[in-house]
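Asker: Mind having a look at this structure? Questions to follow.
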Amino acid sequence: MKLQEIKNINISGKKVFIRCDFNVPMDEYSNITDDRRIRSALNTIRYCIDHDCAIILASHFGRPKEVYEEKYSLKPIAKRLHTLLKQDILMAKNVVEEDTLEQAKHLKSGEILLLENLRFHKGETKNDEEFAKKLASMADIYINDAFGVSHRAHASVEGITKYFDKESKAAGFLLAKEIQFFHHIIENPKRPFVAIIGGSKVSGKLEVLNNLVSKVDKILIGGGMAFTFLKALGNNVGNSLVEDDLIPEALRIMNKAKELGVKFYLPVDVVAAEAFDKEAFAKPTTIQEIPKNWMGLDIGPATTLLFAQALEDAHTILWNGPMGVYEMDKFAKGSTKISHAVAASYATTVVGGGDTADLVRITGDEDEMTFISTGGGASLELIEGKILPGVKALVLDGE
Ligand code: AMP
């Protein structure tokens, strides 16, 4: 797959529309609490500034009810962009009303216009043609740098691409990096390739497991999803999270792993608790001895050692999903230790998914990872082997 990239098209002096992902966390006073997503868009924005472009920036933020709501305005983003880029940012009053279209029309080289939250308009999530056409009418060039929403067929991600030819649309630096990294790691990994999959349910990652089982050398399963597999093997898992309807599927995946010679690791012990509560009485116990009515909320110390050992010879590690309820201190130890083990390995390490990315920041291992994906759902779909709708339009013909 060959992506059209910004560096390979001529943008000099042109008007460029950049779809960014400025969906950053904010507190109740609209203070940005983590501006990583804004900072990671700067490469592409600066590249356009250096090429004398007039720049239109667009993003969604939160889930407004398709009308203007002050708390979802992108004004705080404009302020932060101003601080980071040290230049004025023109803030549009809306997304595609006449005054904004006029503003875009008269935008000069080197100027930056930030549109209001795309989701103030109902056309965005509905991939409305008229809306996409209006967005497209603002610029000569379309750049997608919003990996986190590229798995959505939304107007600013998918619909808009129809109005630009192959030489006038491309992936920004962030999107290109994300896509190429995942593509490379899934299709051409250095082996042994180990996947660590956790999180709450099997159902959310069924396609991921199905695709990975034929690509990796080992799979380590943690988190809530492990209990469906453990129950499928006849274990008594108390009140732990189990999706009974997926037991046949769990067995099928384990059989496929066996057929392919893929080592399939499940927890051998857990931290079990009387209730799903941070104050609940909890203790480590082997899988065979989870007390009736108790639930496993983290992998146990023996599993942590086992998983760390299984990671020792890895050359590539893909990690998606926490090993336990890491939001509660009592059940965060397994995820923390696995994070340290991944960080300490000499493998190429890729962390995907919002929770896991969050986790490695909390554990302080962020800088030790080779690559942390910014998009949760989008990275899962890539691991499933899908081509994202927002990326499809940027793939060069015949490749
Ligand atoms: P996901 O979005 O599927 O990656 O799931 C992440 C969530 O899984 C986190 O919020 C964890 O609290 C939750 N989780 C991890 N382990 C368990 C478990 N053993 N039981 C219930 N929830 C869990």
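The values are calculated or read from the model by the stated rules, or taken from the named source; none is laboratory data. Computed from a predicted structure; not experimentally measured. Glycine also receives a Cβ, built like all others from the backbone with ideal geometry; neighbour counts cover every protein chain displayed. The area values use the complete protein model at the heavy-atom level, side chains included, leaving out ligands, DNA and RNA. Shrake-Rupley method; radii C 1.70, N 1.55, O 1.52, S 1.80 Å.
Asker: Given the structure, is Thr286 within 16 Å of the ligand (Cβ to nearest atom), of a type in the set (Ser, Thr, Tyr), surrounded by 24 or more Cβ atoms within 10 Å (Cβ to Cβ) and more than 21 Å from the chain's Cα centre (by Cα)? Break it down into steps so the answer makes sense when it comes.
Answerer: Numbers: within 16 Å of the ligand (Cβ to nearest atom): yes; of a type in the set (Ser, Thr, Tyr): yes; surrounded by 24 or more Cβ atoms within 10 Å (Cβ to Cβ): no; more than 21 Å from the chain's Cα centre (by Cα): yes.
Judged against the criteria, Thr286 is not a match.
Asker: Within segment 166-174, is there a residue that is polar (S, T, N, Q) and surrounded by fewer than 22 Cβ atoms within 10 Å (Cβ to Cβ)? So that I can check it myself, show each step before the final result.
Answerer: So in segment 166-174, the residues polar (S, T, N, Q) come out as 168.
From what's left, surrounded by fewer than 22 Cβ atoms within 10 Å (Cβ to Cβ): 168.
Taking every residue of segment 166-174 in turn, at least one turns out to be polar (S, T, N, Q) and surrounded by fewer than 22 Cβ atoms within 10 Å (Cβ to Cβ).
Asker: Kindly indicate which of Thr316, Thr348 is β-branched (Val, Ile, Thr), open to solvent by 30 Å² or more (accessible area, probe 1.4 Å), closer than 30 Å to Asn144 by Cα and away from the ligand (no atom under 14 Å from the Cβ).
Answerer: Step by step, each of Thr316, Thr348 is checked, and only Thr348 is β-branched (Val, Ile, Thr), open to solvent by 30 Å² or more (accessible area, probe 1.4 Å), closer than 30 Å to Asn144 by Cα and away from the ligand (no atom under 14 Å from the Cβ).
Asker: Filter segment 21-42 down to residues that are in a helix (DSSP H, G or I) and among the aliphatic types (A, V, I, L, M) and give me whichever is nearest to the chain's Cα centre (by Cα).
Answerer: Looking at the filtered set, the residue picked out is Ile38.
Asker: Among Ile56, Ile18, Ile45, Ile11, which is the only one that is in a loop (DSSP other than H, G, I, E, B), in contact (Cβ under 8 Å) with a residue 60 or more places away in the chain and surrounded by 19 or more Cβ atoms within 10 Å (Cβ to Cβ)? Steps first, answer last, please.
Answerer: Values: Ile56 fails: in a loop (DSSP other than H, G, I, E, B); Ile18 fails: in a loop (DSSP other than H, G, I, E, B); Ile45 fails: in a loop (DSSP other than H, G, I, E, B).
Just a single option satisfies the conditions, and that option is Ile11.
Asker: Filter segment 182-199 down to the residues that are closer than 21 Å to Gly377 by Cβ and either in contact with a Ser or Thr (Cβ under 7 Å, 6 or more places away or on another chain) or buried (at least 18 other Cβ atoms within 10 Å of the Cβ) (or both) and list them by number.
Answerer: Matches in segment 182-199: Phe182, Ile185, Ile186, Ala195, Ile196, Ile197, Gly198, Gly199.
Asker: Which of (1) part of a helix (DSSP H, G or I); (2) at pLDDT 95 or above; (3) within 28 Å of Asp50 (Cβ to Cβ) is the odd one out, the single condition Ala170 does not satisfy?
Answerer: (1)
Asker: What are the residues in segment 229-255 that are open to solvent by 70 Å² or more (accessible area, probe 1.4 Å) and more than 15 Å from the ligand (Cβ to nearest atom), if any?
Answerer: Step one: filter segment 229-255 for residues open to solvent by 70 Å² or more (accessible area, probe 1.4 Å), giving 231, 233, 236, 239, 241, 244-245, 248, 252, 255.
Of everything in segment 229-255, those that are open to solvent by 70 Å² or more (accessible area, probe 1.4 Å) and more than 15 Å from the ligand (Cβ to nearest atom) turn out to be Leu233, Asn236, Asp244, Asp245, Pro248, Arg252, Asn255.
Asker: While we're on this one: Is it the case that some residue within segment 77-91 is among the polar types (S, T, N, Q), over 17 Å from Ile55 (Cα atoms) and open to solvent by less than 70 Å² (accessible area, probe 1.4 Å)?
Answerer: No.
Asker: Inspect all residues belonging to segment 220-228 and state whether any of them is open to solvent by 60 Å² or more (accessible area, probe 1.4 Å), away from the ligand (no atom under 12 Å from the Cβ) and of a type outside the set (Ser, Thr, Tyr).
Answerer: Taking segment 220-228 first, the residues open to solvent by 60 Å² or more (accessible area, probe 1.4 Å) are none.
No, there is no match, as no residue in segment 220-228 is open to solvent by 60 Å² or more (accessible area, probe 1.4 Å), away from the ligand (no atom under 12 Å from the Cβ) and of a type outside the set (Ser, Thr, Tyr).
Asker: Step by step: first the residues of segment 289-312, then only those that are open to solvent by 40 Å² or more (accessible area, probe 1.4 Å) and out of contact with any Ser or Thr (no Cβ under 9 Å at 6 or more places or on another chain), then the one that is farthest from the ligand (Cβ to nearest atom). Which residue is that? Even if it seems obvious, please write down each step before you answer.
Answerer: At the first step, the residues of segment 289-312 found to be open to solvent by 40 Å² or more (accessible area, probe 1.4 Å) are 289, 292-293, 301-302, 305-306, 309, 312.
Applying the additional criterion that residues be out of contact with any Ser or Thr (no Cβ under 9 Å at 6 or more places or on another chain) yields 289, 292-293, 301, 305-306, 309.
Working: Glu289: 16, Lys292: 17, Asn293: 15, Pro301: 15, Leu305: 18, Leu306: 17, Gln309: 21 Å.
Ranking the candidates gives Gln309 first.
Asker: In addition: What residue, of Ile186, Ile219, Ile143, Ile179, is hydrophobic (A, V, I, L, M, F, W, C) and touching a Gly at 6+ places or on another chain (Cβ under 6 Å)?
Answerer: Only one candidate qualifies: Ile143.
Asker: A further question on this structure: How about segment 200-219: which of its residues are within 11 Å of the ligand (Cβ to nearest atom), under 19 Å from Ile287 (Cβ atoms) and open to solvent by less than 10 Å² (accessible area, probe 1.4 Å)?
Answerer: Residue satisfying the conditions is Val202 alone.
Asker: Anything in segment 97-111 that is surrounded by 14 or more Cβ atoms within 10 Å (Cβ to Cβ) and either touching a Gly at 6+ places or on another chain (Cβ under 8 Å) or without any contact (Cβ under 8 Å) to a residue 40 or more places away in the chain (or both)? List them, or say none.
Answerer: Glu97, Thr100, Leu101, Gln103, Ser109
Asker: Moving to a separate point now. Test of understanding: among Phe264, Phe281, Phe276, which residue is closer than 18 Å to Thr303 by Cα and either among the hydroxyl-bearing types (Ser, Thr, Tyr) or out of contact with any Phe, Trp or Tyr (no Cβ under 8 Å at 6 or more places or on another chain) (or both)?
Answerer: Phe264
Asker: Related question: Would you check which residues across segment 359-376 are within 13 Å of the ligand (Cβ to nearest atom) and surrounded by fewer than 17 Cβ atoms within 10 Å (Cβ to Cβ) and list them?
Answerer: Matches in segment 359-376: Ile362 only.
Asker: I've got another one for you. Scan segment 22-31 and tell me whether some residue there is of a type in the set (D, E, K, R) and either at pLDDT 95 or above or under 21 Å from Ser156 (Cβ atoms) (or both).
Answerer: Looking for residues that are of a type in the set (D, E, K, R) and either at pLDDT 95 or above or under 21 Å from Ser156 (Cβ atoms) (or both), one finds none in segment 22-31, hence no.
Asker: Would you tally the residues in segment 256-283 being under 30 Å from Pro192 (Cα atoms) and away from the ligand (no atom under 15 Å from the Cβ)?
Answerer: Selection size over segment 256-283: 10.
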